[in-house]
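Trainee: Below is one structure. I have some questions about it.
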Amino acid sequence: MRLTIASRRSELARIQAYQVGDALRTARPQLEIKYSFHESLGDRNQNDPLWQMPEKGVFTQDFREGLLKGDFDLVVHSWKDLAIDDDLKTEIVATLPRADARDLLLLRADRWPEVARTGAISILTSSPRRAYNLDSFLRSALPTRLTDFNFIDVRGNVPTRVRKLFQAEIDGLIVAKAALDRLLEAKQEEFAATQADLRTALSRCRWMVLPLSANPAAPPSDDNTRLSVIACRMSRARLAPSARRTAVSRPRFAALTSNKLPTFAHAMSSSSATAPSSTSSGRRVSPIRNA
């Protein structure tokens, strides 16, 4: 049996499509899988903030049309990109296990002395939700007195946003931790250059893992920590759905200072090294150490 899986063209979208393909092949080794990568309206329009774009499904509508025409069999999306309205002609047929639901704050190490001196900070984010949630939390969580917060809208995929952090007088960037984990843990050679660039950029940053208690994922999409597989109702493929939630309390501030860090994903996700752990109550955390 042959399946064609579609997704957007960004590195992260391709990695997520490969993850779905690997899961399908594990369940059905006889499957022959092809991939079809395309731009969406949201990829083509890099000027308008997402929340101001009038169209629905800016990252999904183009794929819906291709799915209904039979150009491909399945489409992989992050849950956050799905439209809220039900679609009578397509359905979500599978959800992969949920990744880390927390966001990550990256702060430029070279800008931090100026932030501490002036009490002013500028942070890139694509999400009004994050700006609303974090304004008061970061004032108390960061190790300096802050009087002037400026959240600035940013567009582009994760590597593009990280590059933009260093292209202007910007102090910080908020990104989904799951996105960086997936980018840096990918085994395919095609991502090696992006991974090297990310590690170089991250070595120039301080970072903080933001707790869900202060910055909860957006319902009902659960941010981009879960992957959904969309199929036409005429043709289905199923995987066992699974989800995992993570709850932590206040994190510590840390600096990436060692060139020996194998991958940022390892530093952030290894329970024996740096990542905050949680109990069933979500109240106890282990310290985030210097990498």
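Trainee: For the stretch 84-92, state whether one or more residues are of a type outside the set (Phe, Trp, Tyr), buried (at least 19 other Cβ atoms within 10 Å of the Cβ) and at negative phi.
Mentor: No.
Trainee: Here's a follow-up. Looking at the stretch 109-119, can you tell me whether even one residue there is out of contact with any strand residue (DSSP E or B) (no Cβ under 6 Å at 6 or more places or on another chain), farther than 25 Å from ARG14 by Cβ, crowded, with 16+ Cβ neighbours inside 10 Å and of a type in the set (D, E, K, R)?
Mentor: Yes, that holds for at least one residue.
Trainee: Can you find, within the stretch 11-46, the residue that is farthest from LYS164 (Cα to Cα) among those that are modelled with pLDDT of 90 or more and among the small types (Gly, Ala, Ser)?
Mentor: If we take residues in the stretch 11-46 being modelled with pLDDT of 90 or more and among the small types (Gly, Ala, Ser), then ALA27 is farthest from LYS164 (Cα to Cα).
Results for (1) within 24 Å of VAL20 (Cα to Cα); (2) of a type in the set (A, V, I, L, M, F, W, C), shown as yes or no for each residue.
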{"site": "LEU138", "(1), (2)": "no, yes"}
{"site": "ARG155", "(1), (2)": "no, no"}
{"site": "ARG161", "(1), (2)": "no, no"}
{"site": "GLN188", "(1), (2)": "yes, no"}
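Trainee: Looking only at residues in the stretch 69-83 that are outside any loop (DSSP other than H, G, I, E, B) and of a type outside the set (A, V, I, L, M), which one is surrounded by the fewest Cβ atoms within 10 Å (Cβ to Cβ)?
Mentor: Restricting to residues being outside any loop (DSSP other than H, G, I, E, B) and of a type outside the set (A, V, I, L, M), the top hit is LYS69.
Trainee: Step by step: first the residues of the stretch 127-139, then only those that are in contact (Cβ under 8 Å) with a residue 60 or more places away in the chain and of a type in the set (D, E, K, R), then the one that is farthest from LEU165 (Cα to Cα). Which residue is that?
Mentor: Per the criteria, the residue is ARG129.
Trainee: For the stretch 105-126, state whether one or more residues are within 19 Å of GLY156 (Cα to Cα), touching a residue at least 60 places away in the same chain (Cβ under 8 Å) and small (Gly, Ala, Ser).
Mentor: Looking for residues that are within 19 Å of GLY156 (Cα to Cα), touching a residue at least 60 places away in the same chain (Cβ under 8 Å) and small (Gly, Ala, Ser), one finds at least one in the stretch 105-126, hence yes.
Trainee: Which residue pairs have Cβ atoms closer than 9 Å, lie 6 or more positions apart in sequence or on different chains, and pair a first residue in the stretch 167-179 that is in contact (Cβ under 8 Å) with a residue 60 or more places away in the chain and within 15 Å of ASP153 (Cβ to Cβ) with a second residue that is of a type in the set (D, E, K, R) and buried (at least 22 other Cβ atoms within 10 Å of the Cβ)?
Mentor: ILE174/ASP103; VAL175/ASP103
Trainee: Something else about it: Would you tally the residues in the stretch 189-209 being more than 16 Å from ARG161 (Cβ to Cβ), hydrophobic (A, V, I, L, M, F, W, C) and in contact with a Phe, Trp or Tyr (Cβ under 9 Å, 6 or more places away or on another chain)?
Mentor: Adding up the residues that qualify gives 1.
Trainee: Next up: Which residues, taken from the stretch 58-68, are in a helix (DSSP H, G or I) and among the polar types (S, T, N, Q)? Don't jump to the end; show me each part of the working.
Mentor: So the first thing to find is which residues in the stretch 58-68 are in a helix (DSSP H, G or I), and the list is 61-68.
If the condition is that a residue be in a helix (DSSP H, G or I) and among the polar types (S, T, N, Q), then GLN61 is the only one that fits.
The values are calculated or read from the model by the stated rules, or taken from the named source; none is laboratory data. Because the structure is a prediction, the values reported are computed rather than measured. Note that we place each Cβ from the backbone using ideal geometry, even for glycine, and neighbour counts take in every protein chain shown.
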